[in-house]
Amino acid sequence: MEVEPRRGGNRHPLSVRAFILDHLANTGEDYGANIHRAYNRALDSLATELRGNKRKGQKHYHKPRFSSFNKYMNLLAREGLIEFTGREEESDNVMFSDKEWKPVRRYYRVKGGQ
């Protein structure tokens, strides 16, 4: 499997769309930032496996930023493949502990899953 980008933008060695759908099918429900972290861990483990096979001249691929990853989540929701569960929680991240306003975690699942 190639780990180098091709023309037309960054091509990730793991399909972002397929990863989100598989992750939600396996976990039931999850929030976007946690899915993004899981995707980055999966990319890191794949890169570690392939590092021994790296050829001269191969380029480094970039992990998607959360904003672009979130676009995939929104696209899947618009296509009707995933849905908002109705569950929202305030972030428990310590960097927001003294803030009046805290970001909200929205949980998603594969559409039709209970």
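The values are calculated or read from the model by the stated rules, or taken from the named source; none is laboratory data. Here the structure is a predicted model, which is why all the values come from computation and not from measurement. Every residue, glycine among them, receives a Cβ derived from its backbone with ideal geometry; neighbour counts consider all protein chains shown.
A compact table of results
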{"item": "Of the criteria (1) over 16 Å from residue 107 (Cα atoms); (2) exposed (fewer than 15 other Cβ atoms within 10 Å of the Cβ); (3) at pLDDT 90 or above; (4) not acidic (Asp, Glu), which one residue 39 fails", "result": "(2)"}
{"item": "The range 59-88 residues that are hydroxyl-bearing (Ser, Thr, Tyr) and surrounded by 11 or more Cβ atoms within 10 Å (Cβ to Cβ), paired with ones that are at pLDDT below 90 and outside any helix (DSSP H, G or I) (beta carbon under 7 Å, 6 or more apart)", "result": "61/3; 61/4; 61/5; 61/10; 61/12; 61/13"}
{"item": "Subset of the range 1-32 that is modelled with pLDDT of 60 or more and among the aliphatic types (A, V, I, L, M) - its residue that is surrounded by the fewest Cβ atoms within 10 Å (Cβ to Cβ)", "result": "18"}
{"item": "Candidate set from the range 90-109 (those that are over 13 Å from residue 35 (Cα atoms), of a type outside the set (S, T, N, Q) and within 19 Å of the chain's Cα centre (by Cα)); member that is surrounded by the most Cβ atoms within 10 Å (Cβ to Cβ)", "result": "103"}
{"item": "Test: residue 71 is over 14 Å from the mean Cα position of the chain (by Cα) and either within 20 Å of residue 38 (Cα to Cα) or in a loop (DSSP other than H, G, I, E, B) (or both)", "result": "no"}
